[in-house]
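Notes for the one structure printed next.
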Amino acid sequence: SNWSPIIRHSLSPSCFPRVAMAAMKVTLFVGALATVGARTFQQRSLRGISVDVEEGKGELNFGSDACKCIGFQGVDGTTVVNIGNDTDYYITFPAEVGSYCKAWDDGINDLHCGEGDEPGKGNGFCGQPWCFVDACHCAGVKNPPKLVGHMMKNTVYKGMPLYYSFSTCGGEDLWTAGHMEKECTNAETEEECNAVPEDSCDWGDTAWGRKCLGWEAAGMCMELPEQSEWGDHDCPCVGLNGANTTLKVEDRTHNGDMGTLCQIWGSEYDSMCPGAPGCDQPWCFVDPSNCRIADKPQKSAYFPDATFQGHQLHYSYETCGGKRPTVEPKKEEPTEEPKKEEPKEDQTKQEAVEGNQEDSEDQEEIKELEGENDEGPPFDLDAFADEWHEEWRHH
């Protein structure tokens, strides 16, 4: 589908009324809708993507190259997920849950996937790998992606509802039919599809046949505007916004929304703010492999081990219309010559000779330092930006 309404991107990142979306469907039916661009789905061959990681962790699998996993790997913290169906039941997963293919429930989901549970550790859906995906860029897999729905309510990626997929990881979806009563794919007729709450589904011809799917999985996706809270169109923000995630950096904790969209994050999270360079500027995390703006993003020193689809996590002020922090280089103060101490009257001749030798060596070293500092130190703006973020890490 090639349509790109602006309406959805003007809504709050945590709430997308389906009434507005229903109005869009009517508009699509009666005529063309004004757009800010067109999305072309790329149909590519199904082959796994993986990267080598540190010894002991093995190789991370990011799913099919036409339906990649999304989220941050290598971050410390937790994500709380509601796995209940009729009643709420919350499970605490690692913060990186769903960011790559893994049987995430196995041994963690204490309602179904522990020893003695049903189906039990290693059995049924517990042993099947899955990950979160961008439904607007998910093709060529056996089964369509599904909405996370109540499990991570109001969680979005680039302004779109979050989806999950077993198929992109080569797994079998043994979860959805029995534990996601209100998921679109469980509807077998158009009437059942239209009856799904919140008007979250669409019935029609899809890449997987005539089915009931979530809007984005059905192909009704929109292009990001040239500039929005999700960053520049050519360098979009990445990360899951609205998830119940807590990130930990040494002895500090942060809301998992940090850096997932354009915002002045420093004022809320940096103990040096206000006052430090960059505190009043918006920024977000970006994927360096998908950033085509003139000012290249910088590596995150605050999360040095974090990656996105195997690429080291980067951040950008420019994609948010912000300015990278700069300061004037400080002038070095001239080094004062230390005063020579006169030898004491009772100092032996040998001590006086040694003292004079040390004074002479000190003078030579001072002269060398003064010579090095005549022109002042060179100033590297990129190095300063990295140093500033590293300083943030220790406050």
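Structural remarks
- Potential extension, Asp76-Glu190 segment - 0.36 nm per residue separation minus Cα distance: 36.7 nm
- With every protein chain in place, the stretch 53-135: carbon and sulfur % of accessible area (1.4 Å): 43
- Surface accessible to a 1.4 Å probe, per residue, for the residues of the stretch 114-265, Å²: 40
- Prolate/oblate/rounded label for the stretch 180-233 (Cα gyration tensor, a/c 1.5): prolate
- Simple spin-label estimate for Asp280 and Asp65 gives 4.7 nm between the two label positions (7 Å along the Cα-to-Cβ direction from each Cα).
- The 1.4 Å probe gives accessible areas that order Trp130, Trp230, largest first, as Trp130, Trp230.
- Spacing of the two label points (7 Å from each Cα toward its C-beta) at His150 and Asp305, in nm: 3.6
- Percentage, to the nearest whole number, of Cα pairs in the stretch 137-246 over 25 Å apart: 24
- Computing Rg and the Kirkwood Rh from the Cα coordinates of the stretch 204-316 gives a ratio, Rg/Rh, of 1.06.
- Ligands, DNA and RNA aside, Asp287 has an accessible area near 10 Å² when probed at 1.4 Å.
- Set Lys142/Lys182; Lys102/Lys211; Lys142/Lys296; Lys68/Lys153 screened for pairs whose C-alpha atoms are more than 29 Å apart: Lys142/Lys296
- Relative contact order (%) - the stretch 108-155, alpha-carbon pairs under 8 angstrom, separation at least six: 16
- As a rough guide to protection, the peptides 249-257, 183-191 ranked by mean Cβ packing within 10 Å, highest first, stand as 183-191, 249-257.
- The heavy atoms of Lys153 present about 130 square angstrom of accessible area, all protein chains included, probe 1.4 Å.
- Ordering 209-222, 113-126 by mean Cβ neighbour count within 10 Å, with the highest value first, yields 209-222, 113-126.
- Amide H contacts under 5 Å for Leu60, placed H, 5+ residues apart: Val51, Val53
The values are calculated or read from the model by the stated rules, or taken from the named source; none is laboratory data. Please read these numbers as outputs of a predicted model, since none were measured by experiment. Because the Cβ atoms are built from the backbone with ideal geometry, glycine has one as well, and the counts that use them run over all protein chains shown. Surface accessibility is based on the protein's heavy atoms, side chains included, excluding ligands, DNA and RNA. Shrake-Rupley method; radii C 1.70, N 1.55, O 1.52, S 1.80 Å.
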